[in-house]
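The values are calculated or read from the model by the stated rules, or taken from the named source; none is laboratory data. Keep in mind that this is a model prediction, so the values were computed, not measured. We place every Cβ from the backbone using ideal geometry, glycine too, and count neighbours over all the protein chains shown. Calculation scope for accessible area: heavy atoms of the full protein, side chains included, ligands and nucleic acids excluded. Shrake-Rupley method; radii C 1.70, N 1.55, O 1.52, S 1.80 Å.
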Amino acid sequence: MIKRQLGASGLEVSALGFGCMGLDFGYATKVSKEEGVTLIRQAADRGVTFFDTAEMYGPFTNEVMVGEALRPIRDQVVIATKFGFDIVEGQSRGFNSRPEHIKAVADASLQRLGIEAIDLFYQHRVDPDVPIEDVAGAVKDLIAAGKVRHFGLSEPGAATVRRAHAVQPVAALQNEYSLWSRGVETNGILAACEELGIGLVCYSPLGKGFLTGAMSKDTKLGEGDFRNNLPRFTPQAMAKNQALVDLLKSIGAQKSATPAQVALAWLLAQKPWIVPIPGTTKLHRLEENLAAADLELNDGDLFEIAQALADLDIEGERYPAHLLATTGR
């Protein structure tokens, strides 16, 4: 697996990371801890060095799983986790990025992961009640204490990034970015990353499964699957957005590649400091995703995709209004 640096931070990771959330959180089905540990180790065996989790996933169980899987190879991997919610009795009671809470979360995450330092510590969502300077200052203290190595933000606004970066350099932003979620291209996030030397970690790079071609308007999502609440996963939206999957299939056929591989290769071709973190619960999907690192899209391919995208209107917002309001602040 080729490596990439997340901006100017010096943090080197595999070009494709592994998003661990879906192993036991967010979807209708979960794998057991043992199955999750096995798959994470299989990813590491195949060259993945970058693993993403959060206290919110489970809550807490995902960090335990990731820690158990990666502790034996701790010196070979980069572990990212996140803070920013007030979790009481297994439920989020809203945001909490008060400095004292951030420091308590760091200690708890370190204990669950069973490691001495968090490689990349993201604010999961911007807390409107806590100045970002105070958040950055708390993480700066954690870095000085040796408990955290790098600071990150997830789904912030570009102005917030600049304010945080002035207090403590931001190594990476984690934003949704894919062929059907391209907001970072126009909302100032890509420009801020370029200007400030910040890496961009792309979550949901396969459109939460839709861009793989494995879903259609007839797909029935199970009870408890968070996609049931997303506007893009209504039958009407999936029928309209099938045109994007058809485009990926067409290009894939020319390259002997799958739609998922084309979608990931497109992201990798955008900037050298972009790192997608697809997730999966299946080994064959993991191997399919990782093969995208070897798929080269030339200028002609990228031009063809750009021309086709210009003629496509994506149906549905990526989140319902109340969740969309928590992004870009």
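Quick one: grab the alpha carbon gyration tensor of region 194-329, order the square roots of its eigenvalues as a ≥ b ≥ c, and give me rounded if a/c is under 1.5, else prolate or oblate depending on whether a/b is larger than b/c. Because its axes are fairly even, with a/c under 1.5, region 194-329 counts as rounded. Solvent-accessible area of the chain (1.4 angstrom probe, protein heavy atoms only): carbon and sulfur portion equals 49 percent. Extents of the chain, taken as max minus min of Cα coordinates on every principal axis and listed largest first, are 52, 42, 37 Å. With a 1.4 Å probe rolled over the protein heavy atoms of all chains, the accessible area of Thr234, Thr186, Thr212 falls in the order Thr186, Thr234, Thr212, largest first.
Extension gain, Glu12-Glu133: 0.36 nm per intervening residue step, less the Cα-Cα distance, totals 40.9 nm.
Let's test the formula: R0 of 35 Å, r as the Cβ-Cβ distance of Lys271 and Leu221. What FRET efficiency results, to the nearest 0.05? That pair, Lys271 with Leu221, gives E of 0.60. On full extension, the segment bounded by Gln254 and Glu34 gains 75.3 nm, given 0.36 nm per residue less the C-alpha separation. Counting other C-beta atoms within 10 Å, and keeping those with at most 14, which DSSP coil GluC sites (Glu not before Pro) do you find in region 63-149? The qualifying sites are Glu89, Glu116. Each principal axis of the Cα cloud of region 56-115 was evaluated for its coordinate range; sorted largest first, these ranges are 34, 21, 14 Å. If R₀ is 25 angstrom, what is the calculated FRET efficiency for the pair Lys3 and Ala104, using the beta carbon separation as r and rounding to 0.05? With a Förster radius of 25 Å, E is 0.15. Estimated from helices alone, the mean residue ellipticity of the chain at 222 nm is -11500 deg cm²/dmol (sum of -39500 (n - 2.57) over DSSP H runs with n ≥ 4, per residue).
Calculated accessible area for the chain comes out at 41 Å² per residue, all protein chains present (probe 1.4 Å; ligands, DNA, RNA ignored). Please label the shape of region 45-180 as rounded, prolate or oblate, based on the square roots a ≥ b ≥ c of the eigenvalues of the alpha-carbon gyration tensor (a/c under 1.5 means rounded; beyond that, a/b larger than b/c means prolate, else oblate). Here region 45-180 falls in the rounded category. Structure note, pairs Lys33/Lys82; Lys3/Lys271; Lys220/Lys249; Lys103/Lys282: Cα-Cα distances above 24 angstrom occur for Lys103/Lys282.
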